[in-house]
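Structure first, commentary second.
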Amino acid sequence: MSDQRQRVLLTGGAGFIGSHLAEALLRRGARLTIVDNLSSFYDCTLKKANLEAIGRVGKYEFHALDICDMAQLSQVVAFDRPEVVIHLAACAGVRPSIGQPKLYEQVNVAGTLNLLELCRQYHVDRFIFGSSSSVYGATSCVPFSENHVELRPLSPYAATKLAGEMLAYTYAHLFGLQVICLRFFTVYGPRQRPDLAIRKFTELLEAGKPLPIFGDGSMARDYTYVDDIVAGILASLDPQLHFPLGGPAFEVFNLGNSHPVKLTELIELLENVTGRKATCEWGPSQPGDVPMTWADTSKASRVLGYRPATSLEEGLTSFVRWYRDAAQQCSETPECLKSQTVDSSFHA
């Protein structure tokens, strides 16, 4: 009897969002293959722990390879013949991209092109691309709508994500590939990367150290809990999803919480959740940071049935509980719980 489970190739599956998605895919019976190069952007032991957690949910194939390695990537796709490719692997982060634009271009643009070309060659049904709210840049048109056409990314990271979307559109237009681009808005939750603000702030609060704040504290972000993001990604897998008539099978959706929160408000919530008082060290605004992100999720709600269900306070409570549980498992604060750099920016 043939295996009728949906065949899914997930890039970046050892990461923060990817590991949560991998578990959800296994729970719904997918035949899952994960590609991840286990990069040293942050402590690799975190990614290995994520892979172990995925393995406790179900069996999957894993390939430790770089999406820029076309030869090896081609071998994986040729063998697995996925029906769907979910592409989350990327060089992440706004500020690091300013110092390493060539690396971001190589991974986020050329790597994405590799996957699109393999989707064409091996007749993959659908390509789902993990994009970013950062593609909107600094705009006065809020909330951010997928209908905005004048996108002005302010960092190489944001520019590479927009380039990935455009390449995906081209493949939808030329070759009939079904493409869905999902613009994530400031995702947080258990397993969050150490370089991101909520995890860094929690770490510093727990240690009684000051929080580095860039700007005047009015910067606002549309924080989205990881479970809500995963629900949106799973909804984009629906084979009955209707694409626009008369054009390429291409759609863009915002996945956010549609409720921007100022930095000062975030700190107050973290103080309440942790029971610790924050001391702030103020500094100038940083290049590449946008003043606000705010998702218009009406399209995702209408087409995907997307309904974010986790309030920021609930999500922060869950995250802090996870962080403390992880720390308690060690006799002393492990290096794997510490970030390599201080970065209080708000990456999408």
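Scanning segment 290-338 for residues that are under 15 Å from Leu196 (Cβ atoms) and either at pLDDT 85 or above or in contact with a Phe, Trp or Tyr (Cβ under 7 Å, 6 or more places away or on another chain) (or both) yields Thr293, Leu312, Gly315, Leu316, Phe319, Val320, Trp322, Tyr323.
Only one of the numbered conditions (1) under 18 Å from Gly93 (Cα atoms); (2) assigned by TED's automatic domain parsing to the domain that holds Lys47 is violated by Ala197, and that is (2).
Only one entry of Ile54, Ile67 meets the criterion of being in a loop (DSSP other than H, G, I, E, B), surrounded by 16 or more Cβ atoms within 10 Å (Cβ to Cβ), over 16 Å from the mean Cα position of the chain (by Cα) and not aromatic (Phe, Trp, Tyr), and that entry is Ile67. Taken as a whole, the condition of being under 23 Å from Ser236 (Cβ atoms), surrounded by 15 or more Cβ atoms within 10 Å (Cβ to Cβ), under 21 Å from the mean Cα position of the chain (by Cα) and among the aromatic types (Phe, Trp, Tyr) does not apply to Phe41.
Here's the yes/no breakdown for (1) over 21 Å from the mean Cα position of the chain (by Cα); (2) over 19 Å from Phe184 (Cα atoms):
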site: Gln6; (1), (2): yes, yes
site: Gly15; (1), (2): no, no
site: Thr33; (1), (2): no, yes
site: Thr45; (1), (2): no, yes
site: Lys48; (1), (2): no, yes
site: Ile86; (1), (2): no, no
site: Ala90; (1), (2): no, no
site: Lys102; (1), (2): no, yes
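Scanning segment 220-259 for residues that are under 22 Å from Gln192 (Cβ atoms), charged (D, E, K, R) and either outside any loop (DSSP other than H, G, I, E, B) or in contact with an Asp or Glu (Cβ under 9 Å, 6 or more places away or on another chain) (or both) yields Arg221, Asp227, Asp228.
The residues of segment 70-94 that are surrounded by fewer than 16 Cβ atoms within 10 Å (Cβ to Cβ) and assigned to a loop (DSSP other than H, G, I, E, B) amount to a single one, Arg81. Contact map, segment 162-175: residues that are over 18 Å from Val149 (Cβ atoms) paired with residues that are buried (at least 18 other Cβ atoms within 10 Å of the Cβ), Cβ distance under 6 Å, separation 6+ or inter-chain. Pairs shown: Tyr171/Leu116; Tyr171/Leu177. Would you pick out the residues in segment 264-286 that are in contact (Cβ under 8 Å) with a residue 60 or more places away in the chain and under 12 Å from Ser218 (Cα atoms)? Scanning segment 264-286 gives Leu266, Ile267, Ser285.
Give just the number: which of (1) without any contact (Cβ under 8 Å) to a residue 40 or more places away in the chain; (2) closer than 26 Å to Pro194 by Cα does Gly93 not satisfy? With respect to (1) without any contact (Cβ under 8 Å) to a residue 40 or more places away in the chain; (2) closer than 26 Å to Pro194 by Cα, Gly93 is out only on (1).
The values are calculated or read from the model by the stated rules, or taken from the named source; none is laboratory data. All of these numbers come straight from a predicted model, not from anything done at the bench. Counting neighbours? That spans all protein chains shown, and the Cβs are built from the backbone with ideal geometry, glycine included.
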